[in-house]
Amino acid sequence: MKKKGHISVNTGNIFPIIKKSLYSNQEVFLRELVSNAVDATQKLNTLASIGEFKGETGDTTIRVKIDKDKKTITISDRGIGMTGEEIDKYINQIAFSGATEFMEQYRDKTDGNIIGAFGLGFYSAFMVADSVEIESLSLKEGATPVRWTCDGSTEFEIGAGSRTERGSDVILHVGEDAADYLETWKLREILRKYCRFLPVPIQLDEEVINSTVPLWTKKPAELTDEEYQKFYEELYPLAEKPLFHIHLNVDYPFNLTGILYFPKLKADFEPSRNKIQLYSRQVFITDSVEDIVPDYLRLLHGVLDSPDIPLNVSRSFLQTDSNVRKINSHISKKVADKLAEIYREDAEGFRGKWEHLELFVKYGMISDEKFGERSAGFCQYTSTSGEQRDWDSYQKHVEVNQRDKDGNLVVLYTSDPELQHSYVQAAIRRGYDVLKMGNVIDSHFLNHQESKLEKVRFKRVDSEPIEQLIPKEQNTPSVLSEVQESEIKTLFTQTVGDEKRKVTTAALSADDLPVMITRNEFMRRMNDMAATGGHPFGMGQMPETYDVVLNTAHPHLLHIARCKNPEKKQSLVRHSYDLALLAQGMLRGEELSRFMERSLSLVDG
C-alpha cells in the first residue's frame, strides 16, 4: 500500500499553531511522544490481560535513542503498533483520539490507565523536528509494516515499512534551531522531569530513567515511614527531614492519589511555593499548582496525581473545572483532619512541631473559612513563658484575670519579647499572660480571630499603659499637684511633642516607667498589614504616630517638677524621653549619640 494525501485539519496549516501556541514549553514534545509509547504499551497489556492478545508481551521497555550524525531522535516501543488504516485514522485526522476510542471499546475491561491520545500530542514533535517518520507493525494477525512521513506541511506519505517486530518507532529529524536536543544529557534531564514515574520502563543510553511503581500508587498500609522518607529524599535531595506526611487516595467523586509532606518551616523564612508536583497518570504536568492546591498549602511538598486533569493543562481550564475545585476542597479537608488527628493522639509531639506548622495553619485559617473551623481546635497560642495551649485551654487560663470592666477578654501579646521586655514584665507583674505573636502574618491573624471570637480583644503590650490595656475599677493617686502636672506636660510637649507625638498624662503605677511610648493598636496593626501587602482598605502605610505617656504616679516626675535649674530640668525631660524611646528600640543615629553624651554628663555630675 502506498498513499499520498493531505492531513485532515479544519484550520489550514496547523503546524505553526502547534509550534507557537499549543504548548508553552518546547521540551514537552518528549513527554507527549513517550506518553504515547506508554499508552500503546498499556493497551497491549490490557489486551493480554483479557485474553484478546495470545502472544508473549516480552520486554516492553521504551527506548529513546539519539543519532547525532543523522540528527535524529527515535522513540521506540513494543506496544500494539498500528496498521496503515489506523495511522490514516489516528495520525492524519488530527485530534481524533485513539485512546478515547480504545477506552470506549473496552470500558468494562480496563483499569482506566491509558495515558494519552494520538492526535495533537503526537504533533508536538514538529516543535523540534523538520520532518517526522513513523515505522510501525501492528500486533494484528496478518498485519504488514507501514511507514508514514511528513515534512511539517499538511502533506504526508504512507507506504510499506521495514519494522520486523510489533510496536512503533517515531523518528524525529531535528531542526537546526533545536540541535541542543541531540545531547544525551538534555534528553535525560527532560525524561527525569516529566517521565520519571511512568508505569513502563524507559531507557536512554542503556540507562533506565524511571521508577514504574512510584510510592503514591501503593496502598498506605503497605508502606513504612522509612519508605516515605526515602521517597521524599528522592524528590528533594537537599531538604531537611519533613515533619510528617499525608497519603491521599480518592476514587469518588473524582480520582486523586498523592503524598503531601509538611516541611520544616520557620516563621521568618520565605518559602518556595512550587514544591508540589502535579501528575496525570504518572506523567508530570507542572509544579505550578495554584488552582489545584489552596494557596496556603502550596507551602507543602510532594506529589498529586489525577487522571481528571488533562496533560495539556491550561490555567483557564483549571479555574473553571469542577473536579479541580473539588480536589482543592478535599486536599484542604484532608490536611486539617490529619493535623487534628496528630494533635489528638500526641499533643506534646504536635506542640514540639508547632514553630514549623504555625505559618501553614494561621495562613489557612485566614484564607479558608472551612479550614479555619477545622483548625480552631489545634491552633496553638504560645506564651512568653514558652507554654503552648489551644484556644479553649488558653481562654480558661486567662479568663479570671484578663476581663476588662466591659466584660471583654483582653489577650495581651508581644511581637518582640526582647524589644518590648519592659512592657511584657509590667504585664507579668500584674499576673497577666502575654502571648508571642511575631509571625509575619500575625496582624492579619489577630484581626481574623477578633472577627470570629465573641468579646475578645487582642492588644499588644506597648499599645497603651498596662492599667489602660485591661481597664479595672481602680484609681492610682498622682504624686504631682495639678500645677506641677500641667507644667510637666507643657515642658514635655515643648521638648518632644508634635503632630506625630502626642503627650498625655495618666496616674499609673509607681512600678511602671515614668515616661512610656505607646502605639495605638488599631493604627499600628493597619500599618503592619500594609507592610505585608494586605491593608484592608487598600491603602498604603499611614503616618507613624505614638503617644508619650507621663506616669504622674512616678516619683521621677516629681523630681523633675521640683528641679530649680532650668537647663538641668530640660536635660532631665529629654533624657527621660530618650529612655522611653530606648525601651521601644526607637533611639537611633544622632539621637542615640546625644543620649550617650548626656548620660555621661549626668553621671559626672
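See the values below:
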quantity: Residue selected from region 139-162 under the condition touching a residue at least 60 places away in the same chain (Cβ under 8 Å), assigned to a loop (DSSP other than H, G, I, E, B) and not hydroxyl-bearing (Ser, Thr, Tyr), by the criterion surrounded by the fewest Cβ atoms within 10 Å (Cβ to Cβ); calculated: ALA143
quantity: Members of region 248-262 that are in contact with a Pro (Cβ under 7 Å, 6 or more places away or on another chain) and farther than 20 Å from VAL283 by Cβ; calculated: TYR261, PHE262
quantity: Tally of residues being in a loop (DSSP other than H, G, I, E, B), at pLDDT 90 or above and among the hydrophobic types (A, V, I, L, M, F, W, C) across region 4-59; calculated: 2
quantity: Region 260-273 - residue that is of a type outside the set (D, E, K, R) and modelled with pLDDT of 65 or more and, of those, farthest from VAL303 (Cα to Cα); calculated: LEU265
quantity: ARG281 vs. criteria of a type in the set (D, E, K, R) and not assigned by TED's automatic domain parsing to the domain that holds LYS338; calculated: no
quantity: Checking VAL479 against (1) within 19 Å of THR518 (Cβ to Cβ); (2) assigned to a loop (DSSP other than H, G, I, E, B), the condition it does not meet; calculated: (1)
quantity: Complete set of residues in region 323-339 that are surrounded by fewer than 16 Cβ atoms within 10 Å (Cβ to Cβ), in contact (Cβ under 8 Å) with a residue 12 or more places away in the chain and more than 13 Å from LEU297 (Cα to Cα); calculated: LYS326, ASP337
quantity: Condition met for LYS193 (surrounded by fewer than 20 Cβ atoms within 10 Å (Cβ to Cβ) and touching a residue at least 40 places away in the same chain (Cβ under 8 Å)); calculated: yes
quantity: Flag for VAL410 being under 20 Å from LYS452 (Cβ atoms), touching an Asp or Glu at 6+ places or on another chain (Cβ under 6 Å) and outside the structural domain of TYR252 (by TED's automatic domain parsing); calculated: yes
quantity: Of all residues in region 36-86 being surrounded by fewer than 16 Cβ atoms within 10 Å (Cβ to Cβ) and basic (Lys, Arg), the one that is nearest to PHE156 (Cα to Cα); calculated: LYS70
quantity: Within region 387-403, tally of residues that are buried (at least 16 other Cβ atoms within 10 Å of the Cβ) and more than 24 Å from LEU357 (Cα to Cα); calculated: 2
quantity: Test: residue in region 580-597 that is at pLDDT 85 or above, over 24 Å from PRO417 (Cβ atoms) and among the basic types (Lys, Arg); calculated: no
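The values are calculated or read from the model by the stated rules, or taken from the named source; none is laboratory data. What you see is a predicted model, and the numbers here were worked out from it, not measured in a lab. Please note: Cβ atoms are built from the backbone with ideal geometry, for glycine as well, and neighbour counts cover all protein chains shown.
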